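Since the structure comes first, as C-alpha cells, the remarks are kept for the end.
Quick note: the coordinates plus some simple rules give every number you see, no bench work behind them. No experiment lies behind these values; they were computed from the predicted model shown. Glycine gets a Cβ as well: all are built from the backbone with ideal geometry, and neighbour counts include every protein chain shown.
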Amino acid sequence: MRKVILLAIAAFLNAADLSQVIESPDAAAILKKDALPAAKIFAMPEGCVTEDAAAIERGKYIFHNLNGKVAKENPPEGLTRKLADGKDKQFGNCVACHNIEGANGYGNIGPELNNYKALYMDNGARNAQFVYQKIADARIDNPTSHMTINMTNGLMNEREVCDLTSYIVSKK
C-alpha cells in the first residue's frame, strides 16, 4: 500500500504544473538594481580640509565605526546614528581595511595610512584632492578598486568626506 501511495504522489508531482509555486526572480532586474553607478569625479570644495578639532573628531569617528546601530560610542556633535528616514547611518569603517595611528583592530587590505601627510603629501606625491577623491569614489584612478564608493552611491555626503579627509591628513 505504501508503495502505491508513493507512486501516486510521484505521478502527481510529475504531472502537476509547479511553475506557479516555484520562485523565479527576474535576475536581470536584480542585477540592474544592484549595479554600481558610473564612476564620478568630485571636486573638493573650498575649505574642505581643515585643522578644526570638531571636523577631525567627526572624521575619526567615521573612520573607526561601521554604522549607527553598532557604533562603539555616541557620535560627536554633527553626526547622528540615524538617517532622516529612521534607518541606521552607515559610517566608513575604514579601519576594517586600513591602519592609521591609534587604530584598534585595523585591517591590512588597504594602504597604510599612518603618518599619511608627512609620507605622501609633504613631498608632493599626493594632495588633499587625491585623498578626497579616493574617499568619494576610488574608481577614478583604479577602476577595479574594492574600496567603498562613498559619495557616488550616497553613503556619505560632502561634509563627511571632508571630515574624513581632514582626519586622515591630520597630525595624530
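Worth pointing out:
- Annotation: amide H of Asn67 within the under-5 Å range of Phe91, sequence separation 5 or more or interchain, hydrogens built in the peptide plane.
- Electrostatic dipole magnitude of the chain [Cβ: Lys, Arg +1; Asp, Glu -1; Cα centre; debye, to 20]: 540 debye
- Neighbour net charge for Tyr61 - beta-carbon separation under 12 angstrom, K R +1, D E -1: 0
- Whole-Hz couplings from phi, Karplus 6.51/-1.76/1.60, listed for segment 97-103; x for Gly and Pro: 10, 10, 9, 8, 3, x, 5
- Relative contact order, whole percent, for the chain stands at 26, derived from Cα pairs under 8 Å and 6 or more residues apart.
- Here Glu51 and Asn123 are evaluated by their C-beta separation; at R0 = 22 Å the FRET efficiency comes out at 0.65.
- Pairs from Lys72/Lys134; Lys60/Lys117; Lys32/Lys87; Lys40/Lys69; Lys40/Lys171; Lys87/Lys171 whose Cα-Cα separation, in the structure shown, is over 27 Å: Lys40/Lys69; Lys40/Lys171; Lys87/Lys171
- Near Lys87: Cβ cut-off under 14 Å, other residues only, Lys/Arg at +1 and Asp/Glu at -1. The net charge is +2.
- Near-label residues of segment 66-87 by backbone N, under 20 Å of a point 7 Å along Cα→Cβ of Asn153: 66-71, 82-87
- From most to least packed by mean Cβ count within 10 Å, the peptides 55-66, 21-32 give 55-66, 21-32.
- Pair Arg81, Met1: separation of 7 Å Cα→Cβ label points (nm): 6.2 nm
- Axial C-alpha extent at least 15 Å, average Kyte-Doolittle at least -1.0 - helices from the chain (DSSP): 2-15, 53-64, 158-169
- Most positive-pole-ward Cα, Ala38, Pro75, Ala28, against dipole of the chain from beta carbon charges: Ala28
- In order through segment 110-125: 3J(HN,Hα) via Karplus (6.51 cos²θ - 1.76 cosθ + 1.60), integer Hz, x for Gly, Pro: x, x, 5, 10, 4, 6, 4, 4, 5, 7, 10, 9, 4, 9, x, 5
- Partnerless cysteines in the chain, where a partner means another cysteine C-beta under 4.7 angstrom, comprise Cys94, Cys97.
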